[in-house]
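This report concerns only the one structure given below.
The values are calculated or read from the model by the stated rules, or taken from the named source; none is laboratory data. As the structure is a computational prediction, the values presented were derived from the model and not from experiment. Cβ coordinates were reconstructed from backbone atoms using ideal geometry, including for glycine residues, and neighbour counts include every protein chain displayed. The area values use the complete protein model at the heavy-atom level, side chains included, leaving out ligands, DNA and RNA. Shrake-Rupley method; radii C 1.70, N 1.55, O 1.52, S 1.80 Å.
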Amino acid sequence: MNDDPTALREVPTAFPSDFLWGTATSAYQIEGAWNEDGRGESIWDRFSHTPGRVKGGDTGDVACDHYHRWREDIALMQAMGMRAYRFSIAWPRLFPQGDGALNTKGLDFYDRLVDGLLEAGIEPFVTLYHWDLPQALQEKGGWTNRETVHAFAFYAHAVAQRLGDRVRYWITHNEPWVIAFLGHHFGLHAPGIEDSGASLTVAHHLLLSHALAMEAIRSQAPHVQVGITLDFSWIEAATPDHREEARAMDAWRNRWFIDPLMGRGYPADGLRDFHRLGWLDAPALPCVEEGDMRLIALPIDFLGVNYYTRTLIGGEGERERTDIGWEVYPEGLYKLLNRLAFEYPIPAFYITENGASYNDAPGPDGEIRDTRRIAYLESHFAAAARALRCGVPLKGYFVWSLLDNFEWAEGYSQRFGLVWVDFATQERRLKASARWYRDFVRRWRASER
Ligand code: IFM
């Protein structure tokens, strides 16, 4: 038995040979260059520049300076043997005012990035919206305004027209739950609104815009795969008394988006329960126009699943947690994938995010021994392997994140990266987990399946 926590244990052979191992990032969290080459202001620029909104007054103005260092970052992925990379496009780089004239310099950046990835043998997965709405659209009501749905489809069309010949995988939205509720009900994310009625309208418009964007992408690139990424939590009741609350939480946290996408409409039990439990002060569904629900249910080619933790209703206690305070619960990934595959007719799944915040610093020798991250990943990879053995059509796995980066309202206080970033000098350094992941993929490539 090898006691070295950074050593490779058994490589699960369940992963097929075309499995896409990768890492994920998003534009605002890594790019920096917030006002270069004609980029417009986004709601996250405005939010982070507002005192008191982000821990430590941190902003994404520079972040990981990926806008200038993308070649170095591709080289890191190559060194790690990655097969795929999920990144997002900053809408305000392309349309500084949200719609209207295209800023070609913005699109050129992503064009070069895609070419660079393909040259390195890395499959690009493009996310169109990872939370950075052009501020100009926010001035007109943002996602509460139905016009934004059309602006998003217009933006999707422009990106697909340019990149659709090379990008084979497209994700419309990342985590609409977070956008709708953290951004418009709790006010913890941009645009910092606290209005439950608005949050339900936003949720509906996000789903509708997903459908119209999917149509726009398919019109430009008929052979690509298009999906959406939802964030899920494994919800459990700690005691029988908490079962009802757990069911309501599941309706809100897990089913609010997937049910309408699968043609089931909004969870009927949800709104009544949210109201009763005092979670949402919105007595009615948002304005749903005729034909909306049919559009929202247009078939997706794949579902992106973001999974980090369990939500145990009615039970705190001593449980292992990452540095951001989220419980380590790999079993939840296994159960979640099985449940999704069992309940919904989804042809393919990708884990588009899974990872952990551990703030290990370099030791005296400069090494970052993030052994807890290795253990976290190992256990979650094993959970995914079990799901595969049960027949879940899982096609790929993206670790969040390639780099330590701007963790939204937490600023730079939480490090999710496989690669350590010194934000003062922009030096990058592979953590032990990055080498572990590299070895894992190497061993998997070499193993006979
Ligand atoms: O950093 C975020 C990411 O942008 C969306 N999913 C969760 C991650 C960790 O909080």
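Pull out a ≥ b ≥ c, the square roots of the eigenvalues of the alpha-carbon gyration tensor of the chain, then state rounded if a/c is under 1.5, prolate if not and a/b is larger than b/c, and oblate in the remaining case. Working shown, then result.
Values: a/c = 1.35, a/b = 1.12, b/c = 1.21.
In terms of gyration-tensor shape, rounded.
When you count, for each residue, the other Cβ atoms within 10 Å and take the mean per peptide, how do 103-112, 149-158 rank with the highest first? Present the calculation step by step, with values, prior to reporting the outcome.
Details: 103-112: 16.9, 149-158: 20.9.
In descending order of packing, they fall as 149-158, 103-112.
For the pair Ala75/Asp301, report the inter-label distance in nm, with labels modelled 7 Å from Cα in the Cβ direction.
Here the modelled spin labels are 3.3 nm apart.
Under 1.5 on a/c is rounded, so check that first for region 378-449, then, if it is not, pick prolate when a/b is larger than b/c and oblate when it is not; a ≥ b ≥ c are the square roots of the alpha carbon gyration tensor eigenvalues.
Working: a/c = 3.64, a/b = 1.81, b/c = 2.01.
The shape class here is oblate.
Could you tell me the center-to-center distance, by alpha carbons, between region 88-135 and region 177-223 in angstrom?
After rounding, the separation between the Cα centres reads 18 Å.
Which Cα, out of Asn338, Leu188, Ala432, lies furthest along the positive dipole direction of the chain (beta carbon charges, K/R +1, D/E -1)?
Result: Asn338, furthest along the dipole toward the positive end.
What are the residues whose amide H is under 5 Å from the amide H of Ile235, where those residues sit 5 or more places off or on another chain and H is modelled from the backbone?
Thr311
List the GluC sites (Glu not before Pro) in region 8-86 that DSSP assigns to loop (not H, G, I, E or B) and whose Cβ has at most 14 other Cβ atoms within 10 Å. Which are they? Before the final figure, lay out the partial values.
Working: sites: Glu10, Glu31, Glu36, Glu41, Glu72; in loops: Glu10, Glu31, Glu36, Glu41.
Those that pass, being in a loop and sparsely packed, are Glu10, Glu36.
If one computes the Cα centroid of region 26-77 and of region 371-448, what distance in Å separates the two points?
Between the Cα centres of region 26-77 and region 371-448 lies a distance of 21 Å.
Counting other C-beta atoms within 10 Å, and keeping those with at most 16, which DSSP coil trypsin sites (Lys or Arg not before Pro) do you find in region 41-77?
Working: sites: Arg46, Arg53, Lys55, Arg69, Arg71; in loops: Arg53.
Nothing satisfies the criteria.
From the residues Thr59, Cys390, Ile368, which one has its Cα farthest along the dipole of the chain in the positive direction, the dipole being from +1 and -1 charges on Cβ of Lys/Arg and Asp/Glu about the Cα centre?
Cys390
Please work out the average accessible area per residue across the chain, using the 1.4 Å probe convention, and give it in Å².
Solvent-accessible surface per residue comes out at 37 Å².
Once label points are set 7 Å from the Cα along Cα→Cβ at both Ser219 and Arg339, what is their separation, rounded to one decimal in nm?
3.7
Which loop-located trypsin sites (Lys or Arg not before Pro) does region 147-177 contain, where loop means any DSSP state but H, G, I, E or B and the Cβ has at most 11 other Cβ atoms within 10 Å?
Numbers: sites: Arg162, Arg166, Arg168; in loops: Arg166, Arg168.
Filter output for region 147-177: empty list.
Once every DSSP H run of n ≥ 4 in the chain is given -39500 (n - 2.57) and the sum is divided by its residues, what mean residue ellipticity at 222 nm do you get, rounded to the nearest 500 deg cm²/dmol? All intermediate terms of the calculation are to be shown ahead of the outcome.
Values: 15 runs with 167 residues, N = 449.
So the calculated ellipticity at 222 nm is -11500 deg cm²/dmol.
In the structure displayed, which of Lys140/Lys395; Lys55/Lys431; Lys395/Lys431 lie more than 31 Å apart, Cα to Cα?
Details: Lys140/Lys395 39 Å; Lys55/Lys431 25 Å; Lys395/Lys431 26 Å.
Flagged as over cut-off: Lys140/Lys395.
For the chain, with all protein chains present and a 1.4 Å probe, just round the carbon and sulfur fraction of the accessible area to a whole percent.
Numbers: 8260 of 16690 Å².
After summing per-atom areas, the C and S share lands at 49 percent.
Apply the a/c threshold of 1.5 to the C-alpha gyration tensor of region 42-135 and tell me whether it is rounded, prolate or oblate.
Values: a/c = 2.48, a/b = 1.45, b/c = 1.71.
Oblate, because a/c is 1.5 or more while a/b does not exceed b/c.
Between Glu331 and Asp37, what length in nm is gained on full extension when 0.36 nm per residue of separation is reduced by their alpha carbon distance?
Working: separation 294, 0.36 × 294 = 105.84 nm, distance 4.54 nm.
Answer, rounded to one decimal: 101.3 nm.
Hey, can you rank 222-232, 239-249 by average C-beta count inside 10 Å, highest first? Each step should come with its number before you reach the end.
Numbers: 222-232: 20.5, 239-249: 15.4.
Sorting 222-232, 239-249 by mean packing, highest first, produces 222-232, 239-249.
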